[in-house]
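Taken together, the values in this text are just the output of simple stated rules run on the coordinates, not laboratory data. What you are looking at is a predicted structure, and each value in this text was computed from that prediction instead of being measured. Cβ atoms come from the backbone with ideal geometry, glycine included; neighbour counts cover every protein chain shown.
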Amino acid sequence: MREQGRVTAVLGPTNTGKTHYAIERMLAHRTGVIGLPLRLLAREVYDRIVAIRGPSVVALVTGEERIVPERTQYWVCTVEAMPMEIGADFVAVDEIQLCADPDRGHVFTERLLKARGLHETLFLGSDTMRKAIAALVPKVQFMARERFSELTYSGSKKISRMPTRSAIVGFSVENVYAIAELIRRQKGGCAVVMGALSPRTRNAQVELYQNGDVDYLVATDAIGMGLNLDIRHVAFSALGKFDGHRMRALFPHELGQIAGRAGRHLDSGTFGVTGEARPLPEDVVEAIENHEFLPVRKLHWRNSRLDFGTVERLIASLEAPTSDDWLTRVRESDDLRALKMLAAMEEVRDRVTTGPDVRRLWDVCRIPDFRGISGGEHAGLLARIHGFVHDGGRVPDDWLAKAVKRIDRTEGDIDALSKRLAFIRTWTYVAQRSGWVRDESHWRGETRAVEDRLSDALHERLTQRFVDRRTSVLLRRLKQKETLVAEVNDKGEVTVEGEFIGRLEGFRFRQDQTATSDEARTLRQAAVQALKPEFHLRADRFYNAPDTELDFTEQGGLMWGELAVGKLVAGAEPLKPQVEAFVDEEAGPDVADKVRRRLQHFIDRKVATLFEPLLAMSRDEAMTGLARGFAFRLVEALGVLPRAEVAGEVKALDQEARGALRKHGVRFGQYTIFLPALLKPAPTRLRLVLWSLANGLDEFPESPPPGLVTIPNQPETPKLHYTLAGYHPAGTRAIRIDMLERLADMLRAKDSRAGFEATADMLSITGMTLEQFADLMGGLGYKAERGERAKVKAATPEETPEAPKETPEAPKETPQAPAETPAEPPVEAPEAPAESPAETPAEEPGEAPEPVPEAPVETPAEAPVEAPAESPAEAPAELPAEMPSELPGEMSPEMPPEMTAEMTAEATAAEPGEATETEIYYTFTWAPRPRGHGRPRGERRGQGGPRGEGKPRERQGKAEGRGEGERPRGKGKGKGKPGGKGGDKPRSFEARPPRKEKVDPDNPFAVLAALRDRK
């Protein structure tokens, strides 16, 4: 351009409105050109002018972007892309102090020396350029601009204490990312601005910061170049940088340029250091605060009168020296280095023969190394492109399409997307060159679209990595004092303003555990404000919920469905527990009181329902004296008392007192005194909890699964825990209390001195094998002697021809069977509340005797031969096991000796060539243990059997016979119990004649005996 019009240098520190002034001056002219230092800043100014004049008259020209309408009036460009020969009325160059930059300074110096508007020219920059401009630009005028606000130094601050609306400056990508990650964890997130970002990504990140989604910005020194942001504080994370050649300290004027971004318009700003950066020296601080820096003494320059005759002459012109004292030749730049490398390639030299060829080669060498790869790789790419475009050629569409397609992928992390963006910038630059591609508009649009997609993806990754939207949104809402809206879904997940902050478990808020300590404070603050209405609504629903929705756990917890809402605590009495509600303080006292009252109502009704027999007994005013005292003991023990602990008190109770207690369901068992209704699973579960609370246990014993007759006896578990659970430990197992009392009833009918064997009924009610039963009996104080004997097969009906003939007679006898052998209930059925008739003999000797039906107890216990006939499904293996020992004694008194011998031989003889089978049996005898273990209750001293047998045992003895030293056999004529004095004192328990024993129609020996009796 010819040097015309007024030339003005508008100099001053940052925040003086220089760029704004230049835009106003340009729009005052018909045409204008403004050159800016960064593509990002060019885009920002372009958007501002488009907003004023519309897109049809505003052009944007950068190295990678070219928007030129047909009626263009105003050109917004990077300094390198400024059109120099269009004759615009107005020309402006921003940040003119970059003339001193070692890499790009020669471009700015060229514009300072030659760029002129027809009517007005402005150079905008720092006051350090005053002397240089005055020396190099004739007739220049100077305009000083004062800063609108103050800039002060605030020293060093930790990032955790960084004020809001701060910018932290780093000088490498790694440093920027590390700081951004730290701020995300501590402050909720930040925006990231770097010169390498595309304008689209940069604008999206700046928008995050400007609209308040985040309060922090992490950037490179790119923010020092005219980016107008709402920044109050600038913190330097380092005071040195790598300038492309070496690490060096930042100059004071560079620090001042960046620090000046703090404080916009009339708002004052501050600057300081953070992280590992040392505090700034006082002289540097004073220079920045007063905007007083050393003036620029040398401007970087490169010869612009290029000789395109040959490659060698072009290189020589580029390296030409200057004689001006204000100018210094620029160091070897990237484009000159690329030119020398391509000139050394034989295939390139062969293609470059004319001046236009040299000019085309120079245009190719000026493609920037956006990728940051090695010089050799970059030169190889340039040689390939030059091979396409030399002599008027074009880059092939298919080759360019493949190159673009390899880059057009939006997956990957930040680094991968950043590299692809750098790669696409190369092809964007190529597409912007006139005549290098066949369809320029298509490839410009295609490369721009790929860049936009990659930019959006990069912005998304940056936001995902460095912005915690949840925390930033909540902080903004809290800061604006807006009402927060909380939503709680059916899973208890709490969202505030659409952001997940935690879970509401009952009436306690559990915030997101992935939040950092700083995020946690924000989440808690937001939850307190947003959940207050939800707490009241939930408390109302809970108060009106039915009891069926509430329950207690075995550790004393109180549940509302699957939500823990409280726990039980000890009260004044075991049956009067109190509750403690789990309610956050933020919910308020009204909510906490409502929850507590509802829980107390629930547990009071639960105790009243499950322990109704016990509570009714405690309220019975008709009960007096010893009975009332004993009832009090039962209430204290929650309905289950080991008899050994209250033996004296039980003995002192008379029949009237016992009757009063039995009226309330109390059963006086041989081992335990209990209320059968309280042995059910629900009362048992609550009893363990109430007893544990009353005794201050930290860990409560758990109730066994319902329906089990026996459970393992763990040595480390106290015996009392089993008693409270409704079980009595014996051996390696613990048996249910009610089943143990039924077993005791059976054992009282046995001769524990002489010994007895287990019956099928005993094994059936305990649900045990013979070996397990032997262990159980050992735990109850019995001695189990193991033995083996020959196993004899039962005789078949074919061996006794008389059996079919007499079988019809059997039904006449069988009706007596139900009276003799009452059917046992299922093993797992709880004992009926009423006491069994056999309970009376188990009480103390001082009691008045009650009639005891002997036959139902004795027949299954003392007549094992008949057991298969009475309960073949329960113990089918018992018949062969007991036949050999019982048959001789059973037949010998009434049958002829020759028939007895014959039948015995038939029963015991094995088939020829057949091996004899054996079976195992146990004989149980009472074996008192040391340390106070007495004989079974009901057996008097001096008697050989359990107490209560007496005369019935004598009567039974008449039907039993034993040889000397033998165990009980058959129905011989015994003489009572050996060694017992009680046998000398006959006692009568019933007046009726002995019942006829049931005849097994399938047993030939029983049938023959019945026929003999009838004769």
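For Asp775, what charge total do you get from the other residues with a beta carbon under 13 Å from its beta carbon, if Lys and Arg give +1 and Asp and Glu give -1? All intermediate terms of the calculation are to be shown ahead of the outcome.
Details: positive: Arg733, Lys783, Arg786; negative: Glu771.
Spelling it out: positives minus negatives among the neighbours equals +2.
What nm value, rounded to one decimal, do you get for the distance between Lys402 and Gln600 when each label is placed 7 Å out toward the C-beta?
For Lys402 paired with Gln600, the spin-label model returns 8.5 nm.
Going by amide H atoms built from the backbone, whose H comes under 5 Å of the H on Arg733, apart from near neighbours?
So Arg733 has HN proximity to Asn713.
Residue separation times 0.36 nm, minus the C-alpha to C-alpha distance between Thr553 and Thr152: what's the value? Mind dumping the intermediate values first?
Details: separation 401, 0.36 × 401 = 144.36 nm, distance 6.40 nm.
My answer for the length gained is 138.0 nm.
Take the residue pairs Lys157/Lys419; Lys139/Lys241; Lys491/Lys594 and return only those whose Cα atoms are more than 27 Å apart. Display every interim value, and only then the final one.
Details: Lys157/Lys419 34 Å; Lys139/Lys241 38 Å; Lys491/Lys594 23 Å.
Going by Cα-Cα distance, Lys157/Lys419; Lys139/Lys241 fall outside the 27 Å limit.
Taking a virtual spin label 7 Å from the Cα of Gln772 along the C-beta vector, which residues in segment 712-737 bring their backbone nitrogen under 17 Å of it?
Output list for this probe position: 712-714, 727-737.
Cross-link list Lys567/Lys606; Lys576/Lys680; Lys576/Lys651: which exceed 23 angstrom alpha carbon to alpha carbon? Walk me through the intermediate numbers first.
Numbers: Lys567/Lys606 14 Å; Lys576/Lys680 20 Å; Lys576/Lys651 31 Å.
Distance filter (> 23 Å) returns Lys576/Lys651.
Which FRET efficiency value, to the nearest 0.05, is calculated for His20 and Asp439 with the Förster distance at 30 angstrom and r the Cβ-Cβ distance? Spell out each step's value before the answer.
Numbers: r = 40 Å, r/R0 = 1.32.
FRET efficiency, His20 to Asp439: 0.15.
For segment 272-322, run through the trypsin sites (Lys or Arg not before Pro) and keep only the ones in DSSP coil with at most 11 other Cβ atoms within 10 Å of their Cβ. Intermediate values should be presented prior to the final figure.
Details: sites: Arg297, Lys298, Arg302, Arg305, Arg313; in loops: Arg297, Lys298, Arg302, Arg305.
Passing both the DSSP loop test and the Cβ count: Arg305.
Sort Ser126, Ser304 so that the residue with the fewest other Cβ atoms within 10 Å of its own Cβ comes first and the one with the most comes last. Don't skip to the end; give the middle numbers.
On the way: Ser126 24, Ser304 15.
With the fewest neighbours first, Ser126, Ser304 line up as Ser304, Ser126.
What ranking, highest mean first, results for peptides 571-582, 747-758 when packing means the other Cβ atoms within 10 Å averaged over each residue?
Working: 571-582: 17.1, 747-758: 22.8.
Going from most to least packed, we get 747-758, 571-582.
Given a cut-off of under 8 Å on Cα pairs at least six residues apart, what relative contact order in percent is computed for segment 325-391?
On the way: 42 pairs, mean separation 26.8, N = 67.
Here the relative contact order equals 40 percent.
How far, in nm, would the chain grow between Phe242 and Gln525 when pulled straight, counting 0.36 nm per residue and subtracting the alpha carbon separation?
97.5 nm
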